[in-house]
Structures are given as structure tokens and as C-alpha cells.
Amino acid sequence: MARSSLYQQVAAEVRRAIYTGDLAPGDQIPTETDLMEAHGVSRNTVRLALGELENEGLILRMRRRGTFVRERRPLLMRPQDEFLPLDQSEPRFDSFVHAVTSEGRRADQNIEVSIVKPPEDVSTRLALGDDSLAVVRRRLRFVDGQPYNTYDSYFPLDLVGDSEIARPGDIKRGANRVLAELGHPQVRAVDDISARMPTPDEALQLQLEPGTPVVVYVRVGYDSGDTPVRVAVSVLPADKHLIRYELERH
């Protein structure tokens, strides 16, 4: 049997034990020596198998401590809930905060607000001119004290410069409601979702383990005149998030 097939077989056995619950989150994986003896393979074959599982985000190898099954409790996100109708007398809870607290977990976030020349892709999505500026509200979001994702919202400066969107701090009733008060309610959104490996800054900020990919979720919101009024860019560690869309035929 080819060596590649051997290490894939070892990886498949460990993977199966993780998915069936025989190895639970936090459990220690058998040592390299134990796996060598159990499968009759070389140390290099075992290391290739463990490397594959690490790249899949299933295990965590810790120097001098061993190899462990990674915690996998993805946060369920429902992007369509952002536009649910809500009585004006009620606060518009942040969709992230709602998703976290509905699972009985603790949500927190750091918010920074600045005026910037947006990245080219954001500028294009907002249909801005070459010299146009945007207000960006950058969030680093936490679940139970652990960094979970980043969420950057860009708005045309000419549109929101005199509103609380351009001022520091949280907006209790939500930026969507502020846009509506400015005469630009979002009535349509276009979502783009892609995956890649994180940048070094993202890996550091989100405290990502090696081999953890991220999902980049970009939402462009349009007003009733079909003018783009907001671009929201989320960077989501793939092992911590589940995005669920529900479609209904009318």
C-alpha cells in the first residue's frame, strides 16, 4: 500500500473517532508511538496523518503537552434575520449579540470608529469616487471572553458624517435604524461568501491556531433607490461559525 494511503487511513480512523464522539473536545489523542503500534506504520506516516487533521482544524498539537481534540462549538449565524421587522419602540439588538445570547453565552465587542479612504473593493461596492471617504466602524467581537470574529462596517462619509454612525461608541438602536432615519433604509442586500487562510494580523488578533481557515462574509446593503449605503465585512474563523440561510418560495 502506498504511503499516502497509509497516512490517510490513519487520519480517517482518528477523524472517525472525533466525529462519533469517541474522542471528545479536549481529549488527548493517542501518542505518536501508540498510533504507530496500533496501525503498524512509521512515525513519519503518523505525523503526516496528524498534520492533515490539524489542517482540518480537528486537533491541536501543543508542544510538550501532546495532541488534543479541538473545541468545536460553532456560533449559528442567520444573516436573513438582520432585516426582520421590529417595532420602533423596541431596541434593535445587534444580530451577533442576539446569536450569542440566545445560546446562553456571553457576548462582548471592542468598537473603533474612524474616517478612511476605504479599500478598493469596498469603494467599488459603495460606488464611491476616487477621492471619496468612508466612515468605518471596526469591531473585534468576543464570545465568553474569547475573540471570535471581526466585523467592519463602511458607510459613505457624505451620507452619515453628521450622524452617530460617525461617532465613537455603540449604537443601541443599531446603525440600520440610523440609516432609515437619514432617509436610506436598507431594503436589499447582496452577500458574498468566500474562504481563505488568515493574514498574520488576523491570526494574531483572533488568536487562531495554525491551519485554521477563515470565511470572509461581505454584505452590501442598498436603499430603496438601489444605492449602496453600507458594506459590512466579517472575518469568521471557520471552526467557530455556522452560517445558515433559509429560503422560502413565494
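The values are calculated or read from the model by the stated rules, or taken from the named source; none is laboratory data. Nothing here was measured: the structure is a model prediction, and the numbers come from that model. Neighbour counts run over all protein chains shown; Cβ positions are idealised from the backbone, glycine included.
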- Task: For residues that are surrounded by fewer than 13 Cβ atoms within 10 Å (Cβ to Cβ) and over 22 Å from the mean Cα position of the chain (by Cα), tally how many sit in the stretch 125-152.
- Result: 4
- Message: Against the condition over 21 Å from ASP192 (Cα atoms), in contact with a helix residue (DSSP H, G or I) (Cβ under 7 Å, 6 or more places away or on another chain) and either part of a strand (DSSP E or B) or among the charged types (D, E, K, R) (or both), how does ILE115 come out, does it pass?
- Response: yes
- If you take the residues of the stretch 202-244 that are over 15 Å from the mean Cα position of the chain (by Cα) and surrounded by fewer than 18 Cβ atoms within 10 Å (Cβ to Cβ), which of them is nearest to ARG63 (Cα to Cα)? PRO210
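Report whether or not HIS184 is buried (at least 16 other Cβ atoms within 10 Å of the Cβ) and under 30 Å from GLY51 (Cβ atoms). Spell out the reasoning first.
On the way: buried (at least 16 other Cβ atoms within 10 Å of the Cβ): yes; under 30 Å from GLY51 (Cβ atoms): no.
Here the answer is no, as HIS184 does not meet what is asked.
Let's see how each residue does on (1) assigned by TED's automatic domain parsing to the domain that holds ALA238; (2) surrounded by 13 or more Cβ atoms within 10 Å (Cβ to Cβ); (3) of a type in the set (A, V, I, L, M, F, W, C):
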site: GLY21; (1), (2), (3): no, no, no
site: ALA24; (1), (2), (3): no, no, yes
site: THR33; (1), (2), (3): no, no, no
site: MET36; (1), (2), (3): no, yes, yes
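So for the stretch 43-51 (the condition being modelled with pLDDT under 85 and surrounded by 15 or more Cβ atoms within 10 Å (Cβ to Cβ)), does at least one residue qualify? Explain how you work it out, then say what you get.
From the stretch 43-51, those modelled with pLDDT under 85 are none; that's our starting set.
No: the stretch 43-51 contains no residue that is modelled with pLDDT under 85 and surrounded by 15 or more Cβ atoms within 10 Å (Cβ to Cβ).
Just checking, which of VAL190, VAL229, VAL215, VAL220 is assigned to a strand (DSSP E or B) and within 18 Å of LEU140 (Cα to Cα)? Spell out the reasoning first.
Working: VAL190 fails: within 18 Å of LEU140 (Cα to Cα); VAL229 fails: within 18 Å of LEU140 (Cα to Cα); VAL220 fails: within 18 Å of LEU140 (Cα to Cα).
Answer to the check: VAL215.
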- In the stretch 132-170, anything β-branched (Val, Ile, Thr), modelled with pLDDT of 95 or more and in a strand (DSSP E or B) is listed as VAL135, VAL136, THR150
- Check whether at least one residue in the stretch 56-79 is surrounded by fewer than 19 Cβ atoms within 10 Å (Cβ to Cβ), outside any loop (DSSP other than H, G, I, E, B) and of a type in the set (Asp, Glu), and report yes or no. no
